[in-house]
């Protein structure tokens, strides 16, 4: 009996050693991360009427910067990408459906416990200008930079709504968040096994959950809530939205 128990313990040891073998041997694997835009759990569509409180809204644009995308394993962090510009609503898309945006990175083969991301452009990069980066770099975009604020525009969410349901839009959404004051970092738990060519994870941003938190809708009938301010000293609206991105993000 003792011999059998010894063999069982030995086999268990080899099993766990095999699980970590790839990482210990320094092997790497290509990981695919796919970013998706949703509304109420369904793929986002431009210019589609969505239920919002007691009225309807529609979205025409949604893009965002993400900094320091990292895989987590306990307290250890593995960098996947320092900066990405994710545009779900490109101007020349074939239809109004939001596009899925995919990035690929070669990372150590391992079993990870989640992902950490910075929402916006981290301060060390936000201190630079588009001219500081080569053509094709995510930060070489003049239209995504706000000279008056000396900041990149962290994300753009635009659209319109009809608060009195008379068929004529009277809400005009123009949310452009920016400045170091509203930069946020969030971590999300999920088992991510990176071991072969099919290794992948999806990151979903649900705009309903961005505007509907704690069973309360962000009141777009108030004119001051329909847009972020042009004043660098007024980040009230931007802070609310950036705080809500935590609840609006899900890993699948």
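The values are calculated or read from the model by the stated rules, or taken from the named source; none is laboratory data. From a predicted model like this one, the values you see are computed outputs, not experimental measurements. For neighbour counting, all protein chains shown are included, and Cβ atoms are generated from backbone atoms with ideal geometry for every residue, glycine included.
Looking only at residues of segment 86-116 that are touching a helix residue (DSSP H, G or I) at 6+ places or on another chain (Cβ under 9 Å) and within 19 Å of residue 187 (Cα to Cα), we find that the one that is surrounded by the most Cβ atoms within 10 Å (Cβ to Cβ) is 110. Just wondering, is there one or more residues in segment 211-218 that are within 24 Å of residue 100 (Cα to Cα), at pLDDT 95 or above and buried (at least 16 other Cβ atoms within 10 Å of the Cβ)? Within segment 211-218, one or more residues are within 24 Å of residue 100 (Cα to Cα), at pLDDT 95 or above and buried (at least 16 other Cβ atoms within 10 Å of the Cβ). For segment 196-210, a tally of residues being in a loop (DSSP other than H, G, I, E, B) and either at pLDDT 95 or above or touching a helix residue (DSSP H, G or I) at 6+ places or on another chain (Cβ under 6 Å) (or both) returns 1. Note on segment 98-131: residues that are in a helix (DSSP H, G or I) and free of Cβ contacts under 8 Å to residues at least 60 places away in the same chain total 5. Within the set 69, 83, the sole residue that is over 22 Å from residue 227 (Cα atoms), in contact with a helix residue (DSSP H, G or I) (Cβ under 7 Å, 6 or more places away or on another chain) and modelled with pLDDT of 95 or more turns out to be 83. Among all positions in segment 234-242, there is no residue which is surrounded by 14 or more Cβ atoms within 10 Å (Cβ to Cβ), in a strand (DSSP E or B) and touching a strand residue (DSSP E or B) at 6+ places or on another chain (Cβ under 8 Å). Across segment 117-131, the qualifying residues are those that are buried (at least 19 other Cβ atoms within 10 Å of the Cβ) and touching a helix residue (DSSP H, G or I) at 6+ places or on another chain (Cβ under 7 Å), and the one among them that is farthest from residue 201 (Cα to Cα) is 126. If you scan segment 132-163, which residues turn out to be surrounded by fewer than 12 Cβ atoms within 10 Å (Cβ to Cβ) and either in a loop (DSSP other than H, G, I, E, B) or under 24 Å from the mean Cα position of the chain (by Cα) (or both)? The answer is 134, 135, 136, 142, 143, 147, 148.
If I filter segment 170-189 for residues that are farther than 30 Å from residue 75 by Cβ and in a loop (DSSP other than H, G, I, E, B), do I get at least one hit? So far as segment 170-189 goes, yes, one or more of its residues are farther than 30 Å from residue 75 by Cβ and in a loop (DSSP other than H, G, I, E, B).
Among the residues making up segment 36-47, those that are surrounded by fewer than 22 Cβ atoms within 10 Å (Cβ to Cβ) and either touching a helix residue (DSSP H, G or I) at 6+ places or on another chain (Cβ under 6 Å) or part of a strand (DSSP E or B) (or both) are 36, 38, 40, 42, 43, 45, 46.
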